[in-house]
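Working notes, beginning with the structure itself.
No value in this document is a laboratory result; all are computed from the given coordinates. Computed from a predicted structure; not experimentally measured. All Cβ positions, even for glycine, are placed from backbone atoms using ideal geometry, and neighbour counts span all protein chains on display.
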Amino acid sequence: MILPITAFYVSLLGICYLYLSFLVIGGRRKFQVSLGDGGNEDLKRLTRAHGNFSEYVPITLIMVACVEANTGPHWTIHGLGCALLFGRVLHAYGLRNHGGASWQRVSGMLLTFAAMACSAVANLVLIHYSL
């Protein structure tokens, strides 16, 4: 089964993940740290942006793919994908550029949580009505 809408967002998020990976690699080279963050705050923020992305994106994409596989409306799948994509980009930007809380980090997490929660609810509704 081909899930073209989810595949589109998986691809864009994959590019974002590569970008975050290259930022971490660049930070490790710049600060000469091969493992961990070496106590460097900039590198710590970069590795957390990368790690946070890898923690939230996979499960959310699985749920979005399930919505598409369960024949959810296209606008719903695009809405979920956009919320996840922009949420992760905002969060990573905020974490990279601000030591403490920022509107980008908060907005990014809210969008990510919205994508997760709405995907879960959409799947439960779609499954309920298909039984």
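Overview of values
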item: So residue 28, is it under 21 Å from residue 16 (Cα atoms), in contact (Cβ under 8 Å) with a residue 24 or more places away in the chain and crowded, with 17+ Cβ neighbours inside 10 Å; result: no
item: Test: residue in segment 112-130 that is closer than 27 Å to residue 26 by Cα and touching a helix residue (DSSP H, G or I) at 6+ places or on another chain (Cβ under 7 Å); result: yes
item: Residues being in contact with a helix residue (DSSP H, G or I) (Cβ under 9 Å, 6 or more places away or on another chain) and among the β-branched types (Val, Ile, Thr) - total across segment 1-47; result: 6
item: Qualifying residue in segment 47-55 (condition: of a type outside the set (Asp, Glu), over 23 Å from residue 25 (Cα atoms) and surrounded by 14 or more Cβ atoms within 10 Å (Cβ to Cβ)); result: no
item: Pair list, Cβ under 6 Å, 6 or more apart: segment 34-50 residue touching a residue at least 40 places away in the same chain (Cβ under 8 Å), other residue among the basic types (Lys, Arg); result: 45/96; 49/96
item: Any hit, segment 88-107, residues being touching a residue at least 60 places away in the same chain (Cβ under 8 Å) and either among the basic types (Lys, Arg) or touching a Gly at 6+ places or on another chain (Cβ under 6 Å) (or both); result: yes
